[in-house]
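One structure follows; several queries about it will come next.
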Amino acid sequence: MARYWLMKSEPAEVSIDDLAAAPGKVLPWTGVRNYQARNFMRDEMRVGDGVLFYHSSCPDPGVAGLAAIAGAPEPDATQFDRESDYFDPKATRDKPRWVQIDVALTRRTRLLPLREMRAAPELATMRVLAPGNRLSITPVTPQEWRAVCRLLTR
């Protein structure tokens with residue numbers, strides 16, 4: 001059974017347009033440095049799971065498109081790259097600490113702004129809307145997924 005996720009990305013780093021322009025419309029989701037988010041990628045995400053591609057840390061945050069998990073987790077190469085902002089000196093190739101997962105574009109959508117999501121009663125339980133939530137990856141229930149998809153068609 002497919003699961004659903006909300007994955008945040010700063011558009012200045014990787015946007016929905018970057019995903020659309022990528023070869024095969026697939027990008028590795030790198031740079032996750034939170035253990036809970038890493039564990040979601042490593043232990044729970046499966047090929048075919050749905051993704052709400054969310055633009056964060058920008059003037060108008062919100063869902064910018066739909067995507068899908070397109071590959072199994074593998075070691076995040078940025079943890080070994082001394083030039084990367086995501087370099088981790090404690091990570092080794094024998095014992096990587098961080099994973100990446102491929103994400104494929106399903107379709108760009110209109111932006112569903114955070115303010116509109118907060119106004120939708122059917123999304124009241126979404127973790128991204130919870131006070132203090134800063135996780136870059138959160139699970140989305142099937143009901144929340146369907147509600148977001150309905151809102152995107154307005």
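The values are calculated or read from the model by the stated rules, or taken from the named source; none is laboratory data. Remember, it's a predicted structure, so these values are computed and weren't measured experimentally. Using ideal geometry, Cβ is built from the backbone for each residue, glycine included, and neighbour counts are taken over all protein chains shown. Just the protein is used for accessible areas: all its heavy atoms, side chains included, with ligands, DNA and RNA removed. Shrake-Rupley method; radii C 1.70, N 1.55, O 1.52, S 1.80 Å.
What 222 nm value per residue comes from the helices of the chain, counting each DSSP H run with n ≥ 4 as -39,500 (n - 2.57) and dividing by all residues, nearest 500 deg cm²/dmol?
-4500 deg cm²/dmol
Ok, one more. What accessible surface, in Å², does a 1.4 Å probe find on residue 95, ignoring ligands, DNA and RNA and rounding to the nearest 10?
Near enough 150 Å² of accessible area.
What's the ranking of 99-105, 115-121 by average number of surrounding C-beta atoms within 10 Å, highest first?
99-105, 115-121
Something else about it: If you line up the long axis of helix 142-152 against the longest principal axis of the chain, both from Cα atoms, how many degrees apart are they, to the nearest 10?
70 degrees
Along the Cα→Cβ direction, 7 angstrom out, place labels at residue 74 and residue 36. What is the inter-label distance in nm?
My value for the distance between the label points is 2.9 nm.
Moving on to the next point. Would you pull out the residues with amide H under 5 Å of residue 103's amide H, same chain only if 5 or more places away, H placed 1.01 Å from N?
27, 29, 70
Along the principal axes of its C-alpha atoms, what lengths does the stretch 90-154 span, in descending order and rounded to whole Å?
Principal-axis extents of the stretch 90-154 (Cα, largest first): 48, 29, 19 Å.
Next question. Accessible area, 1.4 Å probe, largest first: how do 74, 144, 44 sort?
I get 74, 44, 144, largest accessible area first.
Expressed as a whole percentage, what fraction of the accessible surface of the chain belongs to carbon and sulfur atoms when a 1.4 Å probe is rolled over the protein heavy atoms?
In the chain, the share of accessible area belonging to carbon and sulfur is 51 percent.
Would you work out which of 99, 131, 111 lies farthest towards the positive end of the dipole of the chain, given +1 charges on the beta-carbon of Lys and Arg and -1 on that of Asp and Glu, about the Cα centre?
131
Which values of log₁₀ I(q)/I(0), to two decimal places, follow from the Debye formula for the stretch 47-91 at q = 0.18, 0.27, 0.28, 0.33 Å⁻¹ with a uniform point scatterer at every Cα?
Each listed q corresponds, in turn, to -0.81, -0.85, -0.85, -0.99.
So for the chain, averaging the separation of alpha carbon pairs under 8 Å that are six or more residues apart and normalising by length, what relative contact order in percent results?
30 percent
Something else: Give the aspartates and glutamates reachable from residue 95 as a straight Cα distance under 13 Å; neighbours fewer than 8 places away on the same chain don't count.
Answer for residue 95, where 13 Å is the Cα cut-off: 74, 76, listed by chain and number.
Run the dipole for the stretch 1-86 about the Cα centre, Lys and Arg Cβ at +1, Asp and Glu Cβ at -1, nothing else charged, and hand back the magnitude in debye, nearest 20.
Roughly 320 debye for the stretch 1-86.
What Kirkwood Rh does the chain have if only Cα atoms enter the pairwise 1/r average? Answer in Å.
Result for the chain, one decimal place: 15.9 Å.
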